[in-house]
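Before any comments, here is the structure.
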Amino acid sequence: MPDDRLIVALDVANAHLGLELAEKIGDAVSFYKIGLGMLTGGGLALANELKQEHGKRIFLDMKLFDIGATVENAVRGLAQFDLDFLTVHGDPHVVRAAKEGAAGKDMKILAVTILTSLDRSDLDASLIKPGNVADLVAERAARAFEAGADGVIASPQESAMIRALHQSEGRLIVTPGVRPAGADLGDQKRVTTPAQAIANGSDHIVVGRPVWTAPDPRAAAQAIVDELAGL
């Protein structure tokens, strides 16, 4: 049985390449993330095919942000695909609307706290209030949980702090910015290894580039699964 704590990000150009990659990886992985970059390249069709025909779990990473009514309607439409996870921005009004849209379905609403590619200088440029990034992440996570989020997206460094929040009990922490030892950091600024992320309190880790750029994607994914097996 594959370890569904590992979510592989299908960050490739289109659904054809995504399906090809999933077929190469085979039964080593049971959970895939499909993001905004593939939306116009057949991403929803791929999500449906992997879910319905291959029995995979699907994390649709859309990071929705809009007025409440629009978010609610968008989520209601996406919920018809019986996907597993959907991301929205962690602002309380967005989370509440998304939960309304997902009512009656099993799809989990995950709130984005602060993107793992951002650091304090990026937040300053966006006029985000002063403060340590980790503290702001914890504050946004607590507010998202209070608004009803089923979980949050948080970098490895912040997962332990979020897990310590009383609001996090029974909620999910999903962690991008995870790189196996020796892997290139890519565009992530707050990273750690798969084992450390799980040890810090994350329920799932998301790994993309180190798997899909590997000469043998299945072996790369299996190596991460093996690293998690001892935890």
Quick one: Karplus J couplings for the stretch 66-75, per residue in order, coefficients 6.51, -1.76, 1.60, θ = phi - 60°, nearest Hz, x for Gly and Pro? 5, 5, x, 4, 5, 4, 4, 5, 5, 5
Phi angles of the stretch 39-56, converted by Karplus (6.51 cos²θ - 1.76 cosθ + 1.60, θ = phi - 60°) into ³J(HN,Hα) in whole Hz with x for Gly and Pro, give 4, 7, x, x, x, 5, 5, 5, 4, 5, 5, 5, 6, 7, 9, 10, x, 8
Cut-off under 5 Å, modelled amide H: who pairs with Leu172 long-range: Gly151, Val152
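What's the carbon and sulfur percent of the chain's accessible surface, probe 1.4 angstrom, rounded to a whole number?
Details: 5450 of 10300 Å².
The C+S portion of the solvent-accessible surface of the chain is 53 percent.
Note down the relative contact order for the chain as a percent, whole number, built from C-alpha pairs under 8 angstrom at least six residues apart. Walk me through the numbers on the way to the answer.
Details: 463 pairs, mean separation 44.2, N = 231.
Rounded, it is 19 percent for the chain.
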Rounded to whole Hz and in sequence order, give me ³J(HN,Hα) for the stretch 87-97 from the Karplus expression 6.51 cos²θ - 1.76 cosθ + 1.60, θ = phi - 60°, writing x for Gly and Pro. 9, 9, 5, x, 4, x, 5, 6, 4, 4, 5
Long-range amide H partners of Phe31 with built H, under 5 Å: Val8, Arg57
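Can you give the local net charge around Leu110? Use residues other than it whose beta-carbon is closer than 12 angstrom to its beta-carbon, Lys and Arg +1, Asp and Glu -1. Don't skip to the answer; put the middle values down first.
On the way: positive: Lys33, Lys63, Lys99, Lys108, Arg171; negative: Asp61, Asp84, Asp150, Asp203.
Within the 12 Å Cβ shell, the charges total +1.
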Once you've got the Cα coordinates, tell me which of Lys51/Lys108; Lys56/Lys105; Lys24/Lys63 are over 22 Å apart. Lys24/Lys63
Which FRET efficiency value, to the nearest 0.05, do you get for Leu17 and Ile67 by plugging their Cβ-Cβ distance into 1/(1 + (r/R0)^6) with R0 = 25 Å? 0.15
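Considering the convex hull of the alpha carbon atoms of the stretch 67-159, report its projected area averaged over all viewing directions, in nm², one decimal. Please list the in-between numbers first.
On the way: hull surface 24.2 nm².
Dividing the Cα hull surface by four gives the mean projection, 6.1 nm².
The values are calculated or read from the model by the stated rules, or taken from the named source; none is laboratory data. A quick note: this is a predicted structure, and the numbers were derived from the prediction, not measured. Here Cβ is always computed from backbone atoms with ideal geometry, including for glycine, and neighbour counts include all displayed protein chains. Ligands, DNA and RNA are stripped out before the accessible areas are found, and what is left, the full protein with its side chains, is counted by its heavy atoms. Shrake-Rupley method; radii C 1.70, N 1.55, O 1.52, S 1.80 Å.
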